[in-house]
Amino acid sequence: MIVASKAVEKRQDAAVTKVDPRDEPSAAWGWHGGFPKGGRIAGWVTVVVLLAMIYNNHENNTENVWLVAIAAGIAIGLLWDVKKKRTSWRR
């Protein structure tokens with residue numbers, strides 16, 4: 001029991017994260033994060049561009065299969081991200 005309580009104390013101490021402005025200068029003026037909306041927009045633009053590349057002078061359809069497969073993979077990832085974001089508040 002004593003060992004478990006020490007592990008819990010260590011975990012609680014590690015959970016408190018304070019960003020030092022010397023490590024990350026952006027924290028000094030208040031911004032510290034990513035671009036989640038920009039990433040989603042860039043993902044959808046990438047899907048559209050990949051699908052637009054189908055209309056090109058191709059010798060065979062091998063390129064088309066790869067373009068559609070990669071675009072579908074990115075779209076599935078983006079839709080999964082939307083679902084994860086929508087249901088994250090329930091946990």
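Here the extension length gained between ASN56 and PHE35 equals 4.3 nm, from 0.36 nm per residue of separation less the Cα-Cα distance. For the stretch 48-89, what is the accessible area per residue in Å² when the probe is 1.4 Å? Heavy-atom SASA per residue in the stretch 48-89 reads 83 Å².
Loop-located chymotrypsin sites (Phe, Trp or Tyr not before Pro) in the stretch 40-78 (DSSP state other than H, G, I, E, B) with a sparse environment of at most 13 neighbouring Cβ atoms within 10 Å: TYR55. First check a/c for the stretch 38-78, with a ≥ b ≥ c the square roots of the eigenvalues of its C-alpha gyration tensor; if it is under 1.5, answer rounded, and if not, answer prolate when a/b is larger than b/c or oblate otherwise. Oblate, because a/c is 1.5 or more while a/b does not exceed b/c. Residues THR87, THR62, ordered by accessible area of protein heavy atoms at a 1.4 angstrom probe radius and largest first, appear as THR62, THR87.
The values are calculated or read from the model by the stated rules, or taken from the named source; none is laboratory data. Computed from a prediction, not measured in an experiment: that's the story for all the values here. For neighbour counting, all protein chains shown are included, and Cβ atoms are generated from backbone atoms with ideal geometry for every residue, glycine included. Just so you know, the surface numbers come from the protein's heavy atoms only, side chains and all, with ligands and any DNA or RNA stripped out. Shrake-Rupley method; radii C 1.70, N 1.55, O 1.52, S 1.80 Å.
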